[in-house]
1. Scan region 64-80 for residues that are outside any helix (DSSP H, G or I), more than 9 Å from the ligand (Cβ to nearest atom) and within 16 Å of the chain's Cα centre (by Cα) and jot them down.
2. Looking at Gly145, is it surrounded by 23 or more Cβ atoms within 10 Å (Cβ to Cβ) and either more than 16 Å from the ligand (Cβ to nearest atom) or modelled with pLDDT of 95 or more (or both)?
3. Across region 330-345, which residue is nearest to Asp277 (Cα to Cα) among those that are assigned to a helix (DSSP H, G or I) and within 16 Å of the ligand (Cβ to nearest atom)?
4. Taking Gln45 as the residue in question, decide whether it is in contact with a Lys or Arg (Cβ under 9 Å, 6 or more places away or on another chain) and open to solvent by 40 Å² or more (accessible area, probe 1.4 Å).
5. Restricting attention to region 398-407, and to residues there that are part of a loop (DSSP other than H, G, I, E, B) and open to solvent by less than 60 Å² (accessible area, probe 1.4 Å), which single residue is nearest to Arg344 (Cα to Cα)?
6. Among the numbered criteria (1) within 16 Å of the ligand (Cβ to nearest atom); (2) open to solvent by less than 10 Å² (accessible area, probe 1.4 Å), which single criterion is violated by Val58?
7. Only one residue in Leu35, Leu40, Leu87, Leu26 is farther than 30 Å from Ala135 by Cα, away from the ligand (no atom under 16 Å from the Cβ) and at pLDDT 95 or above, so which one is that?
8. Given the conditions (1) farther than 16 Å from Ala540 by Cβ; (2) more than 16 Å from the ligand (Cβ to nearest atom); (3) open to solvent by 10 Å² or more (accessible area, probe 1.4 Å), and given that Gly410 satisfies all but one, which numbered condition is not satisfied?
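The values are calculated or read from the model by the stated rules, or taken from the named source; none is laboratory data. Source: prediction; values computed, not measured. Glycine also receives a Cβ, built like all others from the backbone with ideal geometry; neighbour counts cover every protein chain displayed. Quick note on the areas: whole protein, heavy atoms, side chains included, nothing else; ligands and nucleic acids left out. Shrake-Rupley method; radii C 1.70, N 1.55, O 1.52, S 1.80 Å.
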Amino acid sequence: MPDTEPDLATFPPAPADGEVRSLDALIIGAGFAGLYAIHLLRDRQGLDVVALEAASGVGGTWYWNRYPGARCDSESWSYCFQFDDDLVRAWQWSERYPRQPEILRYLNHVADRFDLRRSIRLDTRVTAARFDEAASRWLVTTEAGERYAARFLITAVGCLSAANIPDIPGLEHFGGTWVHTGNWPEAGVDFTGKRVGLIGTGSTGIQAAPVIAAEAAHLTVFQRTPNYSVPAQNHPLDETFRNRIKEAWPSLKARMRSNTNGHPYVPADRGTFEVSDEQRRAIYEQAWNAGGLSFRASFRDMMVDRAANDEASAFIREKIRGIVKDPATAAALTAFDHPFATKRPPIDTEYFETFNRDNVRLVDIRATPITRIVAEGVETRAGVVPLDIIVFATGFDAMTGPLLRIDIAGRGGTRLKDAWAEGPRTHLGLGVPGFPNLFTITGPGSPSVLTNMPVAIEQHVDWIAGCIAWLRAEGLARIEATPDAADTWGAHVAEVANATLYPTAASSWYLGANVPGKPRVFMPYLGGLGRYRAVCDTVAAEGYRGFTVAP
Ligand code: NAP
């Protein structure tokens, strides 16, 4: 057998017909979170573990999001596992922001390096999980009818993995091809000579537009909410830089672990109005030229003080107007309705420059709403835009969506979707009252999407593995978050969010506002990763305060 082909005989076998395969822990998903969870639980604790993964390969979000222009908005050398210094030393990142294929190669390297594949069943979608109270174990069923029983159920399903395809009437009549960026076909999409419509101008649409425009005959960008974006200022990394990072790794790693956002940059400790107008402008200029997500960290009050945020917004608006040549297009692109960065701010590579191309047009669907999709293309109040391909860059049913698309039933048969009818209720985003032995990696109520994700993921998996080791050492079979702890934590998450400008962004996915009918709850924890880590450590040190345990 060639080296590149996995030895299928070593893969976890499917349970035979009617058989229930018993495990210590079942992990759903084989992205960053699932891979690390296998490693910790299987290799460090010797547990019998299987990860079930719906995709045909490992990688999670980086498996599915193969759309043109897909790359990470975190610096490559920080967007990686940190638990193994040899792994850090071994991997060479080629660019400041890695493209999707490079991250997918990295995650495949991790799967091979730690021999994780033999614990992963691919092409296996979990459809249901039910807690068996008598036996204190989870009974898990897959789409193909396989059945598993596991003491612990660990959801490593990602925060942004349930695609949000808008319910625009007539899609079924479209005569061309349509795709969602989060389910991009492995074979790719050929835009050559095609008229393409891109719906959505979030991080994804803003990454995809310039690349599609360069390939397609024509691109129409349908914009609902104008979005801020700061240049990524991507560039290749050279050997000297990579060596410097490796030398400074211990201190960089410590900073990422204790930082508010898991990123390596240090948020500035100066107020917007503590400097002169000239100094402020120079600071914005410097942040713009440096590029990336750290723009929002150039003043400490940007996300809590509306006047401070307005200054940053005005600077960005002026920059965009300086790039986009057509004044009407520039005006539509900068008619912001929310403070900067209260929706996750994209970073871009020549997004605004794209609107200076002859083959690109912006359609402001606030002014001329989409009425329906017809065979020839997208119909707006101003007429039909003829299209061959529609790309939905319309985001995700974030954070709760990936969990609620699985039929999860806890104690007494209570469904998670009913328990969360008013919004997610968790203790620390890790445990859910009524759902014993269920651990949600980067669940709602944790810093997750507001951070550099791999750092947040490692913290969660470390905590979960520590908790399972403790339960086993104490001879305990069950752990469950208490309703009181979840309510207290939920109130704290809301209180911290309400002290910032974030909840003022009416259409933000952080609030669930992008999905019709979803409860409006600010889901991620804004208290900072460093502070959150300390809270989780204290909870563990105090015998898992806020959780009940049973033999
Ligand atoms: P998103 O931020 O939710 O943006 C979705 C876009 O689609 C928005 O412009 C939205 O408009 C629009 N939209 C949704 N429903 C629509 C409808 N019915 N009609 C017209 N427009 C509609 O989704 P995303 O861009 O996929 O990004 C999601 C998150 O993924 C990001 O915020 C980020 O956290 C992550 N991400 C990360 C990277 C990275 O690191 N490289 C790259 C991409 C994405 P409204 O604003 O009006 O709702």
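1. Arg66, Glu75, Cys80
2. So Gly145 does not fit the description; no.
3. Leu333
4. yes
5. Ala398
6. It fails just one condition, (1).
7. On inspection, the qualifying residue turns out to be Leu87.
8. Checking Gly410 against (1) farther than 16 Å from Ala540 by Cβ; (2) more than 16 Å from the ligand (Cβ to nearest atom); (3) open to solvent by 10 Å² or more (accessible area, probe 1.4 Å), the one that fails is (3).
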